[in-house]
Amino acid sequence: MRGLYIGRFQPFHLGHQAVLERIADEVDEVVIVIGSAQESHTPENPFTAGERIDMIHGALQALRDRCLVVPLADIKRNAVWVDHVRSMAPSFEIVYTNNPLVMQLFGEEGLDVRKPPMYRRDIYSGTAIRKLMLSGGDWQALVPDAVALVIDRIRGIERLTNISQSDYSSL
Ligand code: ATP
Ligand code: MG
């Protein structure tokens, strides 16, 4: 039995890691789909699909041989998006998500959709972590060590800081 776990993972954090470990207790293999794979270098999506694969691959450790990581570009057509996922991902039986739109779209197609419990959503949130990265806060404590290493290696904080500026900000 395979489970699907889909997200943008900008970046992959300890909330994602906790969800993934729980999913791995319920299914034999987990298909991790990296959504909005074509996006990078924006404040909401600073990291490329390849960088996100590196982060997740590094963080998986013991789960590595039971996970398949697949990048998936947006098609901007919600009505046929589930077929798009099915055409790009290895087959799966269960979908795990807390994202309301993803839940709705898979639910309409009759799939078994399960909501993993939220882990400290107040701190383990991509949006909150990207804010900490910009304000000089302790984002490292909220991601697996392997993720922090990748972000350091690609000089991710410098990138996020630079692309978050506007050419009006010096006026
Ligand atoms: P962003 O704020 O950028 O949307 P995110 O933390 O929601 O970041 P996603 O990649 O959008 O990260 O999330 C992938 C999946 O993980 C979604 O189903 C989301 O609801 C879920 N998720 C995110 N954070 C947690 C958490 N702390 N506990 C449980 N599930 C989470
Ligand atoms: Mg989200």
Assuming Asp74 fulfils every condition listed in (1) among the acidic types (Asp, Glu); (2) in a loop (DSSP other than H, G, I, E, B); (3) more than 16 Å from ligand 2 (Cβ to nearest atom) apart from one, which condition is it? (3)
Would you confirm, using the coordinates I've provided, whether Thr48 is within 15 Å of the chain's Cα centre (by Cα) and either open to solvent by 60 Å² or more (accessible area, probe 1.4 Å) or away from ligand 1 (no atom under 11 Å from the Cβ) (or both)? yes
With the requirement that a residue be in contact with a strand residue (DSSP E or B) (Cβ under 9 Å, 6 or more places away or on another chain) and in a helix (DSSP H, G or I), what does region 9-51 give you? His16, Val19, Leu20, Arg22, Ile23, Ala24, Glu26, Ala49, Gly50
Would you mind finding the one in Arg66, Arg52 that is farther than 28 Å from Lys131 by Cβ and charged (D, E, K, R)? Arg66
Looking only at residues that are among the aromatic types (Phe, Trp, Tyr) and more than 10 Å from ligand 1 (Cβ to nearest atom) in region 88-147, which one is nearest to Arg2 (Cα to Cα)? Phe92
Kindly provide the set of residues from region 52-68 that are surrounded by fewer than 19 Cβ atoms within 10 Å (Cβ to Cβ) and either within 11 Å of the chain's Cα centre (by Cα) or in a helix (DSSP H, G or I) (or both), ordered by number. His57, Gly58, Gln61, Ala62, Leu63, Arg64, Asp65, Arg66
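The values are calculated or read from the model by the stated rules, or taken from the named source; none is laboratory data. This one's a predicted model, so the numbers in the text were calculated from it and none came from an experiment. Counting neighbours? That spans all protein chains shown, and the Cβs are built from the backbone with ideal geometry, glycine included. Accessible surface areas use protein heavy atoms only, side chains included; no ligands, DNA or RNA. Shrake-Rupley method; radii C 1.70, N 1.55, O 1.52, S 1.80 Å.
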